[in-house]
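Engineer: To start, I am sharing the structure in question, which I have written as structure tokens.
Quick note: the coordinates plus some simple rules give every number you see, no bench work behind them. Being a predicted model, the structure only gives us computed values, none of them experimental. Neighbour counts are summed over all protein chains in view; Cβ atoms, including those assigned to glycine, are modelled from backbone coordinates with ideal geometry.
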Number of protein chains: 2
Amino acid sequence: MQQVLSYLDANKDRFLAELKDFLAIPSVSSQSTHNADIRRCAEWVANQMSTIGLQTVQIMETPGHPVVYADWLGAPGKPTILLYGHYDVQPVDPVNLWTSPPFEATIRGENLYARGSADDKGQVYIHFKAIEAWMKNNSSLPVNLKVIIEGEEEVGSANLDSFVKEHKELLKADMVLISDSSMFAKGVPSLCYGLRGLAYMEVEVTGPNTDLHSGSFGGSLHNPIQALSEIIASLHDKNGKITIPGFYDDVRPLSKTERAAFKKLPWNDRKYAKQWGLKNLYGEKGFTTLERLWARPTLECNGIWGGYTGEGAKTVLPAKAFAKISMRIVPDQTSAKVAKLFERHLKKIAPKTIDIRVRALHGGEPAITPIESPGVRAAVAALQKGFGKKPLYQREGGSIPIVVQFKKLLGLDTVLLGFGLPDENAHAPNEFINLDNFFGGMRTAAHFYNELPSYWKK
Amino acid sequence: MQQVLSYLDANKDRFLAELKDFLAIPSVSSQSTHNADIRRCAEWVANQMSTIGLQTVQIMETPGHPVVYADWLGAPGKPTILLYGHYDVQPVDPVNLWTSPPFEATIRGENLYARGSADDKGQVYIHFKAIEAWMKNNSSLPVNLKVIIEGEEEVGSANLDSFVKEHKELLKADMVLISDSSMFAKGVPSLCYGLRGLAYMEVEVTGPNTDLHSGSFGGSLHNPIQALSEIIASLHDKNGKITIPGFYDDVRPLSKTERAAFKKLPWNDRKYAKQWGLKNLYGEKGFTTLERLWARPTLECNGIWGGYTGEGAKTVLPAKAFAKISMRIVPDQTSAKVAKLFERHLKKIAPKTIDIRVRALHGGEPAITPIESPGVRAAVAALQKGFGKKPLYQREGGSIPIVVQFKKLLGLDTVLLGFGLPDENAHAPNEFINLDNFFGGMRTAAHFYNELPSYWKK
């Protein structure tokens, strides 16, 4: 183990240089213009897997972007980890808000900035180097490992579901390991045991059948932007509660233990507001900010557009207005039911002066992992050794739908070993990974492989 | 006069060919990429003015786009008309909604389709050909004529005000004549005696100081799209009335005579709704559709944008959301006061969870012209002869701010001799001018020059 740690320490510069190559590939999965980049990125991952000593490396086709698979199964009698990550990234617009180009990884201070640095290429790469360190120094791993790195996480992992179904035998394992989430704060290593799910919708409001002159026609018909605004405004009440009937029916109430655990975490609302340049926070009454973020469902507008949005003034009364609206859901809500409730409610409240179309773009389920499982206990031990500090427990507001699918399709619990930070700008300009977390993450991953077998026996 | 009419009839094909050249120049004044086209268009207008026999032709510079001036002053003792029009046009986006290219004039059925065909190049050209017909057949006009065709009407005529101030002597006249509006309906020649004004605003709502991940942060702060929607939704009450305090204070109430005159016009709400593909109309309670369109102020969203508006799903909680909102105003409201009321109200109602910026983009005043003035009476006579039908009186929902400026700066009343149609798509895809109106407009313009002197004496 000491050799492994020394190796990780000795090769830091090379690791950063290699990571920059990985981050330079603009593997944006939601934009078809980047299809060739996605392919190139899958090949980069496959090459890397071979280089670090994994076996059975293969780029496996799907109807969408490919999954890259590799394994190392030379530890009979030891548990088998299914390590999951993704090599695709979010779009980069508005690109003018990036301080350095999104696909030219740049170190400023103690962070490395690039699209995908934290979500999720950087965290995938952490495992690659932990594996490399074991293989170069011991020619073996302390566990069996199967690795799948997919290319469609940022567009809802549309094909991973059937991929897992088709390869149940190949993917057979004892637990799933994912590093695609954040620690609670810099210097506060923590283990995430719960995720929110997602129901992502698109709404299209149509007024007149063509754009009209707002002078000649304004006042006689319902402006679709106004109608859409009225609909959106009505979706929260004065207490910040979502007004969709039945929306909260399946929400698992927070236990006293959980609320107490959250209160142990270092948190300051004023500091949080200040960090994001806000005078005041906003949210559902009766809950703390951490409770709102992790254990309460939300409804957010991710985008809105309609009419003239260019330079200057155009006096148009537009034919259409659009919004992208997503709901984060918590156990025991399901994305399908929430999407249906949303659609039914919007169609019901839509005024008779406009037409409305509601479309579900994608969904993912919420998840909670037992704190007592051997995987979580091994992760707590590994974090303590990797960062020299006892980790705290937390939940996470984001979604990793595949966690639910692994449970459903393979019967496996997932351990979420996240090395990001909450302010890492994962889906925004200036995404970064903290370098302490990057190298601490490598040590933690190396320890985790080492710790797991002993916890597994107990 | 008969020769003039015969000439207009004999040269129809040539007139259409020439008009197509005029419409082929993409003189979009709001987009600086079209500055060279604007210049080319001004030169086209100047050449045309020389060709038809006008004198003193000159392209007169302004700090923005130039004004083209010409005159013919060979009728001493007769009234002098100041003819105003504009050679600039609206942007053409969304360009994919045009059936034929916006700058390739195309005849389909009884209409000619192109950007600027009705607003206002087509109507400017109508006068050019009426002038040509008089000059070619009589070597003179029955009136004195001064013509100014500007290039900034679609961006608020920012420099025309000072242009008129600087050239008060040059522009001295007895009345202003403008053809930049619509008839009431196809086959219903009408004379417009009132215009609405405009106050065009831009609103910027800022939430967090960067785009955030809607999973990791959703629920803890006020989404700027949601906040903007709430603000927009609150600007109308359940009766379709605008909620800005003081907004209606200066609105001149509709007289009984006016309401009765409007009721004489052929109108059918169901047909109107059907024309625009609407199941139901929307508007201020207590007023008919025509009253809402012409004599009541309105507030319309002309554009809205924020967050992710591309293909697919991006789980962003955006930093900013924007809207372009314009108010149409009626006598005796003023754009400056309404803009101030709007700004003050929005700043007051903006929640403390976001920041708001409100900016006035441009404004124009409403206007009413006396029905008893000699110019209006001559126009009624000319319309009757040009279209063979007694015209009706109407108002218009759009704005021609310069009408107010001509009154204020030159002391002149304006006659609005509009040859467009209400469904001409003036600021939208598939703008057109009806060919009957185009040629009937030429006859009417020729008659107007002939009729005016006799009414002027009375």
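Engineer: To make sure I understand, if each residue's beta carbon is the centre and we count other beta carbons within 10 Å, what order do B:TRP294, B:TRP72, A:TRP276 fall in, fewest to most?
Structural biologist: Fewest to most other Cβ atoms nearby, the residues stand as A:TRP276, B:TRP72, B:TRP294.
Engineer: Same structure, new question: Going from the alpha-carbon gyration tensor of region B:387-458, what semi-axes, largest first and in whole Å, does one get by taking the root of 5 times each eigenvalue?
Structural biologist: 24, 20, 10
Engineer: Is there a simple number for the mean count of other chain Cβ atoms within 10 Å of the Cβ of residues in B:231-240, and what is it?
Structural biologist: Per-residue shielding by partner chains comes out at 3.
Engineer: Sticking with this structure for a sec: How large is the dipole of the protein assembly as shown about the Cα centre if only Lys and Arg carry +1 and Asp and Glu carry -1, each at its Cβ, rounded to the nearest 20 debye?
Structural biologist: The dipole of the protein assembly as shown has a size of about 2800 debye.
Engineer: Search the structure for amide H atoms under 5 Å from the amide H of B:THR62, placed 1.01 Å from N in the peptide plane, and list their residues when 5 or more places away or on another chain.
Structural biologist: It is B:VAL67, by chain and number.
Engineer: Let me ask another. Within the set A:LYS263/A:LYS385; B:LYS186/B:LYS457; B:LYS129/B:LYS186; A:LYS121/A:LYS256; A:LYS314/A:LYS347, which residue pairs have Cα atoms separated by over 28 Å?
Structural biologist: Those over the limit are B:LYS186/B:LYS457; A:LYS121/A:LYS256; A:LYS314/A:LYS347.
Engineer: Could I ask something else about it? Cross-link partners among aspartates and glutamates for A:LYS271, C-alpha distance below 14 Å, same-chain residues fewer than 8 apart left out?
Structural biologist: Of all the aspartates and glutamates, those that pass the test against A:LYS271 - Cα under 14 Å, at least 8 places apart if same chain - are A:ASP423.
Engineer: For region A:329-343, take each phi angle, set θ = phi - 60°, evaluate the Karplus expression 6.51 cos²θ - 1.76 cosθ + 1.60, and give the result in whole Hz per residue in order, putting x for glycine and proline.
Structural biologist: Rounded to whole hertz, the list is 10, 10, x, 10, 5, 10, 5, 5, 5, 5, 4, 5, 4, 4, 4.
Engineer: Let me ask something additional. Lys and Arg at +1, Asp and Glu at -1: add these up for the other residues within a Cβ distance under 10 Å of B:THR51 and post the number.
Structural biologist: Its environment carries a net charge of -2.
Engineer: So which GluC sites (Glu not before Pro) in region A:402-458 pass both tests, a DSSP loop state and at most 15 other Cβ atoms within 10 Å of the Cβ?
Structural biologist: Of the GluC sites (Glu not before Pro), not one in the loops of region A:402-458 has a Cβ with at most 15 other Cβ atoms within 10 Å.
Engineer: Next question, about the same structure. Using the number of other C-beta atoms within 10 angstrom as an exposure proxy, rank A:THR80, A:THR315, A:THR99 with the fewest first.
Structural biologist: Going from sparsest to densest Cβ surroundings: A:THR99, A:THR80, A:THR315.
Engineer: Using only Cα atoms, find the angle between the long axis of helix A:435-457 and the longest principal axis of chain A, and express it within 0 to 90 degrees, rounded to the nearest 10.
Structural biologist: Value to nearest ten degrees: 60.
Engineer: Continuing with this model, one more query. What is the set of long-range amide H partners of A:ALA319 at a cut-off below 5 Å, with H atoms built 1.01 Å from backbone N?
Structural biologist: A:ASP211, A:LEU212
Engineer: Can you tell me how region A:312-458 classifies by the Cα gyration tensor, rounded, prolate or oblate, using a/c under 1.5 as the rounded cut?
Structural biologist: The shape class here is oblate.
Engineer: Take the alpha carbon gyration tensor of region B:85-205, find the square roots of its eigenvalues, order them as a ≥ b ≥ c, and report rounded if a/c is under 1.5; if not, report prolate when a/b exceeds b/c, else oblate.
Structural biologist: oblate
Engineer: Ok, one more. In square nanometres and to one decimal, what's the mean projected area of the convex hull around the Cα atoms of chain B?
Structural biologist: Values: hull surface 92.3 nm².
Its Cα hull, projected and averaged over all orientations, spans 23.1 nm².
Engineer: Placing the label point 7 Å from Cα along the Cα-to-Cβ direction, what are the distances from A:GLU204 to the equivalent spots in the other copies, shortest first, in nm to one decimal?
Structural biologist: Relative to the other copies, A:GLU204 has label-point distances of 3.2 nm.
Engineer: Please report the Cα spread of region A:316-367 along all three principal axes, rounded to whole Å, starting with the longest.
Structural biologist: Principal extents (Cα only, largest first): 46, 21, 12 Å.
Engineer: Another question about this same structure. Quick check for me: using +1 on Lys/Arg Cβ and -1 on Asp/Glu Cβ, what's the dipole size of region A:293-452 about its Cα centre, in debye to the nearest 20? Show your work: numbers first, answer last.
Structural biologist: Details: 21 positive and 14 negative charges, 154 e Å.
For region A:293-452, the charge dipole is close to 740 debye.
Engineer: Further question: If you take the charge dipole of the protein assembly as shown about its Cα centre, with +1 on Lys and Arg Cβ and -1 on Asp and Glu Cβ, which of B:PHE448, B:ILE59, A:VAL338 is farthest toward its positive end?
Structural biologist: Sorting the options by dipole projection puts first A:VAL338.
Engineer: OK, next. Using only DSSP helix segments of four residues or longer, with each worth -39500 (n - 2.57), what per-residue ellipticity at 222 nm results for chain B after dividing by its residue count and rounding to 500?
Structural biologist: Details: 14 runs with 156 residues, N = 458.
Computed ellipticity for chain B at 222 nm equals -10500 deg cm²/dmol.
Engineer: Taking K and R as +1 and D and E as -1, what net charge do the other residues with C-beta under 13 Å from the C-beta of A:LYS320 add up to?
Structural biologist: Here the count lands on -3.
Engineer: Give the lysines whose C-alpha is closer than 24 Å to that of A:LYS408, dropping any in the same chain fewer than 8 places away, or say none.
Structural biologist: Reachable lysines: A:LYS78, A:LYS146, A:LYS165, A:LYS168, A:LYS172, A:LYS337, A:LYS340.
Engineer: Okay, next question. Could you tell me how far the Cα centroid of region A:412-458 sits from the Cα centroid of region B:160-212, in Å?
Structural biologist: Spelled out, the Cα-based centre of one part sits 61 Å from the other.
Engineer: Take the alpha carbon gyration tensor of region A:115-177, find the square roots of its eigenvalues, order them as a ≥ b ≥ c, and report rounded if a/c is under 1.5; if not, report prolate when a/b exceeds b/c, else oblate.
Structural biologist: Cα axes put region A:115-177 in the oblate bin.
Engineer: Can you give the charge dipole size of region B:109-229 about its Cα centre, rounded to the nearest 20 debye, using +1 on the beta carbon of Lys and Arg and -1 on the beta carbon of Asp and Glu?
Structural biologist: Its charge dipole is roughly 500 debye.
Engineer: To continue, here is another question. Antiparallel versus total DSSP beta bridges in chain A: what percent is that, nearest 5?
Structural biologist: Roughly 70 percent of the beta bridges in chain A run antiparallel, per DSSP.
Engineer: Next question, about the same structure. Distances from B:ALA185 to the same residue in each other copy, label points 7 Å out along Cα→Cβ, in nm, shortest first?
Structural biologist: Output for B:ALA185: 7.0 nm, nearest copy listed first.
Engineer: Compute the angle between helix B:374-387 and the longest alpha-carbon principal axis of chain B, please, reported from 0 to 90 degrees and rounded to the nearest 10.
Structural biologist: 80
Engineer: Counting other C-beta atoms within 10 Å, which of A:ARG292, A:ARG40 has the fewest, and how do the rest follow?
Structural biologist: A:ARG40, A:ARG292
Engineer: Could you pull out the GluC sites (Glu not before Pro) across region B:128-232 that fall in loop regions by DSSP (anything but H, G, I, E, B) with no more than 11 other Cβ atoms inside 10 Å?
Structural biologist: Details: sites: B:GLU132, B:GLU150, B:GLU152, B:GLU153, B:GLU154, B:GLU166, B:GLU169, B:GLU202, B:GLU204, B:GLU230; in loops: B:GLU152, B:GLU169.
Listed in order of number, the matching sites are B:GLU169.
Engineer: Could I get the Rg over Rh figure for the protein assembly as shown? Both from C-alpha atoms, Rh via Kirkwood, rounded to two places.
Structural biologist: 1.10
Engineer: In what sequence, highest mean first, do A:55-63, A:331-339, B:90-98 appear when ranked by Cβ atoms within 10 angstrom?
Structural biologist: Ranking the peptides A:55-63, A:331-339, B:90-98 by packing returns A:331-339, B:90-98, A:55-63.
Engineer: Using only Cα atoms, find the angle between the long axis of helix A:35-51 and the longest principal axis of chain A, and express it within 0 to 90 degrees, rounded to the nearest 10.
Structural biologist: 20
Engineer: Please name whichever of B:TYR282, B:VAL147, A:ALA75 sits farthest to the positive end of the charge dipole of the protein assembly as shown, dipole taken about the Cα centre and charges placed at Cβ: Lys and Arg +1, Asp and Glu -1.
Structural biologist: Farthest towards the positive end: B:TYR282.
Engineer: A follow-up question, please. For B:SER50, place a label point 7 Å out from Cα along the Cα→Cβ vector, do the same in each other copy, and report the separations in nm, one decimal, smallest first.
Structural biologist: Those label-point separations list as 7.4 nm.
Engineer: To continue, here is another question. Starting from region B:193-251, pick out the trypsin sites (Lys or Arg not before Pro) whose DSSP state is loop and whose Cβ has at most 13 other Cβ atoms within 10 Å.
Structural biologist: Within region B:193-251, the qualifying trypsin sites (Lys or Arg not before Pro) (loop, at most 13 other Cβ atoms within 10 Å) are B:LYS238.
Engineer: What residue among B:ASN137, B:ALA114, A:ALA381 has its Cα farthest toward the positive end of the dipole of the protein assembly as shown, where the charges are +1 on Lys, Arg and -1 on Asp, Glu, each on the Cβ?
Structural biologist: Working it through, the farthest residue towards the positive pole turns out to be A:ALA381.
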